[in-house]
């Protein structure tokens, strides 16, 4: 199966928006783009940056900060950096050329994950990698007041 079996159809259906973040823009614009994105109309916001903009460890740290900010809005941010190669057997799951921040509604993402669990999709994934990618950290957050 492809790295994400839903990605192609989502692109064809116009459910993915790609936004280039230029080197001239401050990092704070990521917060603005995510905050202003309509996650009801589209499924994914892909923020695209030059591969030299950040080192891998900073990219991960920035994704953690974005997740902390947007968890109350039920939004998940997943990073993809060319130097953070993710593989399942011989299949590379990374885009590989640019730094990406993939932003999605946690509830929608969980629905699609649950559908994949009813298939053999995860059968070749190590337990460790599966937890890193699909663990409870990315599920909808229950907010208590």
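Read-outs: derived from the displayed coordinates by stated rules, not from any lab. Everything numeric in this text was worked out from a predicted model, so none of it was measured. With ideal geometry, Cβ positions are generated from the backbone for all residues, glycine too; neighbour counts draw on all protein chains shown.
Each 5 Å bin from zero up to the one holding the largest Cα-Cα distance in the chain carries the following percent of pairs: 2, 9, 18, 23, 22, 17, 7, 2, 0, 0. Rounded to the nearest 0.05, the FRET efficiency derived from the C-beta distance between residue 29 and residue 94 at R0 = 25 Å is 0.60. Estimated at 0.36 nm per residue, the fully extended path between residue 123 and residue 52 surpasses their Cα-Cα distance by 22.1 nm.
For the range 7-138, averaging the sequence separation of C-alpha pairs within contact (under 8 Å, six or more residues apart) and dividing by the residue count gives a relative contact order of 23 percent.
So what is the 222 nm mean residue ellipticity for the chain from helices alone, if each DSSP H run of at least 4 adds -39500 (n - 2.57) and you divide by all residues, rounding to the nearest 500 deg cm²/dmol? Roughly -10000 deg cm²/dmol at 222 nm, from the helical runs in the chain.
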